[in-house]
Every structure is written in C-alpha cells, then in structure tokens.
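Participant: Provided herewith is a single structure, encoded as structure tokens, for subsequent inquiry.
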Amino acid sequence: NYNTKATVPFLLEITLMGHQGYFLIDTGSNVNVLKEGIVKIETPNPENTECSIIGGGGSFQGALVEIPFTYNNKKAKELFYISDISEALSAMTKSLNLKYPILGVIGIEFLKKNKAVLNFTNNTYKL
C-alpha cells in the first residue's frame, strides 16, 4: 500500500528503460500511451485505435508495444501505444514545473488491475 500526496493532475513517478519520469494518470483513458523516442521499435506494427486520452477522444495510429517499468518499488509490464504526444506532455511538464518529464499516459485498465484508489478531496492516491 502506498499513499502519494499528488498534484492535480495525478502523476505516477516511474523508471522506464533508464528514464526517470512520470505517467499522467488518466482515469478517462482506455489505453496507455508512451511518447515517441523513449523506446526503439525494431519493426513498427501500427494499429488504429479509438481512444480517449487527456480530455479528448478520437482515433490515432501507433505501434503497440509491451513495456516494462517500475513504480513505488514495484515492477510492471503494460501495453503502450507509441504516439507523438510530446508537445502536450512537454507543455504539462513545463507548466507543472516538474523534476522529471511526463513520458506518457497510464489509463484506466492499469488503475483497475492494480486496485488504485484516487482521493480527489485530499489529492492523494493509493496504488
């Protein structure tokens, strides 16, 4: 059990492929998305998907890759779409004055699987 005092939006501090950073916790996202350039994709296998991330919906095309990462001293492995969302994430990183960059978006399936509890009143989460 881990309680994290968070800013809003909620951010999960992670280590991924040697990169320190954050995932934006997006309860409205039905997919996980990682910005391009973090992992090297040998043979891109783009898939079209209908999704809702960062307050919007629509469809996009991106490679679907299983990626290991660590958070709160726990190891995880999730499927991520690799997509060009760098501009939005960089703007958020800058506006929140973060220590590390936001590397991607972690969606509702990860949160459900890990029995996450988000408390919006106290700006804390348990994961």
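Participant: What would the Debye equation give as log₁₀ I(q)/I(0) for segment 60-127 at q = 0.18 Å⁻¹, counting only Cα atoms as equal point scatterers?
Facilitator: Summing over Cα pairs of segment 60-127 leads to -0.94.
Participant: Residue by residue through segment 107-118, which ³J(HN,Hα) values in whole Hz follow from phi under the Karplus form 6.51 cos²θ - 1.76 cosθ + 1.60 (θ = phi - 60°), with glycine and proline marked x?
Facilitator: x, 5, 5, 4, 5, 5, 4, 9, 6, 5, 10, 10
Participant: Right, another one. Are any of the pairs LYS94/LYS115; LYS75/LYS99; LYS40/LYS112; LYS74/LYS94; LYS35/LYS75 more than 25 Å apart by Cα-Cα distance, and if so, which?
Facilitator: LYS94/LYS115; LYS40/LYS112; LYS74/LYS94, as the Cα separations exceed 25 Å there.
Computed from the coordinates by the stated procedures, all read-outs in this text should not be read as laboratory data. Note that the structure is a prediction, hence the values are computed from the model and not measured.
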